[in-house]
Amino acid sequence: MANYEHLKSRLDRGNVVVLDGAIGTELQVMGAPMDPASWCGPANYTHPATVRQMHERYIRAGADIITTNTFNTLRPALEASGYGALVREVNVRAVDAAIEARDRAADDRSVYIAGSISCRIPIRDRKTGTLLGGTGYGYGASISAKELRFHAREQADILAESGVDFFLIENLWADNESRAIAAEAAKSTGLPVWVAFTASLDPDGQTVRMDFAEDRNYSIGLGVPMWTETWRTVDNEKTLDEAVREIASIGPDVLGVFHSRIGDTTKALQVVLDAWNGPVLAYPDAGREDYLDTWQDSSVVNEESATELKQEAAEWVGMGVQVIGTCCGFGPNYVGALADALADEVTTPRVDA
């Protein structure tokens, strides 16, 4: 039976569970155009069959969990894309696509639906008043905590009503306040909440921070500053260890690392495992920087092969990580490789006290 209690029982027994892979970049590959402000979000409205087929690909590849295409469907992002009157429709259609894909492709397997919430908030250009946004810039700190709380609660309520099994909070960068706001909004629905952190190593090679490495400059060519003095203050010196302990106090069900390079993910997972007693997840990305392109150039290949990912993921399972999938740039072929290769169980299940 595909419900969260069944998933939790699997985690409690020590089962290794396969998460799906890239959502936005997979839709990009499949022909859904990317929007500068809301990225892959409008595809729920304009390309619903493609969104459904994307989920089906992951289910058939062996994913136990599929993630709704709602990473960038908070109201401000959709308003900036011209979909402000369709906030509910875009989010409801995302869940409908996931449910239909499960009905069509899961057969007798249990497949669970995670409702993605992030904080992709467009920046308003102070000179022109134009709302700008996208993968390269703009996130929760560009608006007040009060506004972000309102938008996160609106989306969480819609996703919960539409039928997600639990929430996956996917906030980027060092703004742990926005991560907490999104987690609290999701938790208020009564559904379980998983929270993920981006991470990279400091130049000292020891400290793990909540950010991307210096070589990943997503704002290249956009001509928009990553930060303005009107944004909320963010503690960019906070370590991943401190952030994990802060979010753990909210009472999440699972914590982990996402949207980080494979090598950084391994270092960051050890931090999470040391600071958190409960189940841990990991889903790294391919380090691509073409997320904003309307169409993805299929001739550009990832640096890491599926075999290399499998080898690292096996180490993660050995560390005690129970949920493993992939993120931007790593599609169904990578998830399929994980599903075929990962051990069935960890030695000692992790249960949050």
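No lab work stands behind these numbers, since they all come straight from the coordinates. These numbers were taken from a predicted model, which means no experiment stands behind them. Note that we place each Cβ from the backbone using ideal geometry, even for glycine, and neighbour counts take in every protein chain shown.
State to the nearest 20 debye the size of the charge dipole of the chain about its Cα centre, where the only charges are +1 on K and R beta carbons and -1 on D and E beta carbons.
Working: 31 positive and 52 negative charges, 167 e Å.
Magnitude of the dipole: close to 800 debye.
Please give me the summed charge of the neighbours of Glu154: other residues whose Cβ is under 14 Å from its Cβ, Lys and Arg +1, Asp and Glu -1.
Details: positive: Arg75, Arg88, Lys146, Arg149, Arg153; negative: Glu79, Glu89, Glu147, Asp157, Glu161, Glu184.
Result for the local shell: -1.
Please report the antiparallel percentage of the DSSP beta bridges confined to the chain, to the nearest 5. Numbers along the way, then the final one.
Details: 8 of 31 bridges.
Taking every DSSP beta bridge within the chain, about 25 percent pair in antiparallel fashion.
Just add up the charged neighbours of Tyr112: K/R +1, D/E -1, any other residue whose Cβ is under 14 Å from the Cβ of Tyr112. Before the final figure, lay out each step's value.
Details: positive: Lys8, Arg10, Arg102, Arg109; negative: Glu5, Asp20, Asp64, Asp103, Asp165, Asp253.
Net local charge, Tyr112 excluded: -2.
Choose one answer from Leu342, Leu74, Leu172: the residue with the largest mean-square fluctuation in a GNM of the chain with alpha-carbon springs under 10 Å.
Its mean-square fluctuation being the largest, the pick is Leu342.
Where the centroid of each part is defined by its Cα atoms, how far is segment 314-351 from segment 10-83 in Å?
Value for the Cα centre distance between the two parts: 19 Å.
Taking K and R as +1 and D and E as -1, what net charge do the other residues with C-beta under 14 Å from the C-beta of Glu246 add up to? Walk me through the intermediate numbers first.
Values: positive: Arg179, Lys238, Arg245; negative: Asp175, Glu177, Glu184, Asp235, Glu237, Asp241, Glu242.
It works out to a net charge of -4.
Cα gyration tensor of the chain, axes a ≥ b ≥ c as square roots of the eigenvalues: rounded (a/c below 1.5), prolate (a/b > b/c) or oblate? Don't jump to the answer; show the numbers that get you there.
Values: a/c = 1.33, a/b = 1.17, b/c = 1.13.
Rounded is the answer for the chain, as its axis ratio a/c remains below 1.5.
Please find, in a Gaussian network model of the chain (springs between Cα atoms separated by less than 10 Å), the residue of Phe150, Phe167, Phe330 whose mean-square fluctuation is greatest.
Among Phe150, Phe167, Phe330, the largest GNM mean-square fluctuation belongs to Phe150.
When the helix-only estimate is applied to the chain (DSSP H runs of n ≥ 4, each -39,500 (n - 2.57), divided by the residue count), what is the mean residue ellipticity at 222 nm, nearest 500 deg cm²/dmol? Let's see the in-between values first.
On the way: 12 runs with 136 residues, N = 353.
Result for the chain, helices only: -12000 deg cm²/dmol.
Just to be sure I understand: with springs between alpha-carbon atoms less than 10 Å apart, which residue in Val193, Val111, Val300 has the highest mean-square fluctuation in the Gaussian network model of the chain?
Taking springs between Cα atoms under 10 Å, the residue moving most is Val300.
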